[in-house]
Amino acid sequence: MTGAVSSELSRFSSAATCADLHLLTRQNSFRACDYDLAATLTSGQAFRWNARRDSWVGVTHGRWVRLQQQGEIIVAESALAQTDWQWLADYLQVAVNLETVLATFPCDEPMRAAIKACRGLRLLRQDPWECLASFVLSSTKQIGQIRQIVATLCERYGAPVAVPTDEPPPFAFPPPDRLAGLTETELRACKMGFRAPYLLATARLVKEGKCDLQQLSRLEIAEARAQLLALPGVGRKIADCVLLFACGFPAAFPLDVWVLRALRELYYKGNHPTVARLRTFSETHFGPNAGYAQQYLFHFIRTKSPKYIFS
DNA sequence: ACCCAGGCGCTTT
DNA sequence: AAAGCGCATGGG
């Protein structure tokens, strides 16, 4: 923690408890049982968190945040005093009882191994636009490269965000309106290559209200998915990422090359199931929180399998 | 010099 | 319907 925080009032509560008192704090603590913050922030669902010595620094909801896990407590520090920390509680999903989620997973050997290795891994609840735009940029890119593209995009076109002294200046994720006003050339200069026209067209459609991202969570999953699939550069995989990481559909199951790899190796060893077969399997085997299970398989195969050394 | 990387969209079988 | 291919860019 920096010295600037020391004079601030600190408290420990569920996020909204003290909002009525209009307490202004730059620091807040969240009870977070069964929460592995590091695994969660590095598991490829969000691309804007940077590791410090013993904390994580990022921008979400247009605010700079530093997070530090201290056992079953997550301590959050903001740049500006906050009266209400619900936005961060929602983002981190600290109110989710992980045990209840894990109890819905199938009781097979691969899931047991993934749970044992990744216990505490969580799903965040991200801003739909940032999530959508980030994953439009993700195709055939490694996570480190996605992070770099997103960082460049934010540095060039995001609004500056307040930070404590001695912190480098960060930027918010640029909203649809901002990107919609750019040219394809400007986007390509952020090194996103052939993804530039997709992002530009999608930003313009969202700006025009052709897809109301804020309303997706209120729809049936099939309808929400159909609306996302209508956007250029958004196929089944990216649509499911947005449904799972931003719209609160825990059954959405993004089938990417890593998860396909995991399913083949863990459930179909020696066979050669088609993608169609694996999709059917993913939709029938993992239950109401299939997306959570997917995240466990994804993180498990990438970080715990000796076959795949990964940065 | 190759080959691959958290896809998508379009064309060809 | 399934499979192939181009699309930028960067890293091993």
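The values are calculated or read from the model by the stated rules, or taken from the named source; none is laboratory data. What you see is a predicted model, and the numbers here were worked out from it, not measured in a lab. A quick note on method: Cβ atoms are made from the backbone with ideal geometry, for glycine too, and the neighbour counts reach across all protein chains shown.
Data for the structure
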read-out	value
Per-region count, region A:301-310, residues within 13 Å of DNA strand B (Cβ to nearest atom) and assigned to a helix (DSSP H, G or I)	3
Residue list for region A:189-231, restricted to those being over 21 Å from the mean Cα position of the chain (by Cα), basic (Lys, Arg) and outside any loop (DSSP other than H, G, I, E, B)	A:191, A:204, A:207
Subset of region A:246-279 [of a type in the set (Phe, Trp, Tyr) and more than 8 Å from DNA strand B (Cβ to nearest atom)]	A:249, A:253, A:267, A:268
Single residue of region A:232-258 satisfying the filter (within 16 Å of DNA strand C (Cβ to nearest atom) and either aromatic (Phe, Trp, Tyr) or crowded, with 21+ Cβ neighbours inside 10 Å (or both)) that is farthest from residue A:202 (Cα to Cα)	A:258
Matching residues in region A:39-57 - criterion: being free of Cβ contacts under 8 Å to residues at least 40 places away in the same chain and part of a strand (DSSP E or B)	A:50, A:51, A:56
Residue within region A:181-200 that is within 13 Å of DNA strand B (Cβ to nearest atom), surrounded by 19 or more Cβ atoms within 10 Å (Cβ to Cβ), without any contact (Cβ under 8 Å) to a residue 24 or more places away in the chain and of a type outside the set (Phe, Trp, Tyr) present	yes
Out of A:296, A:198, sole residue that is closer than 28 Å to residue A:61 by Cβ and either within 15 Å of DNA strand C (Cβ to nearest atom) or modelled with pLDDT under 95 (or both)	A:198
Residues being assigned to a helix (DSSP H, G or I) and within 16 Å of DNA strand B (Cβ to nearest atom) - total across region A:127-159	17
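This table checks each residue for (1) surrounded by 15 or more Cβ atoms within 10 Å (Cβ to Cβ); (2) under 18 Å from the mean Cα position of the chain (by Cα); (3) not small (Gly, Ala, Ser).
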site	(1), (2), (3)
A:46	yes, yes, no
A:56	yes, yes, yes
A:76	yes, yes, no
A:91	yes, yes, yes
A:113	yes, no, no
A:142	no, yes, yes
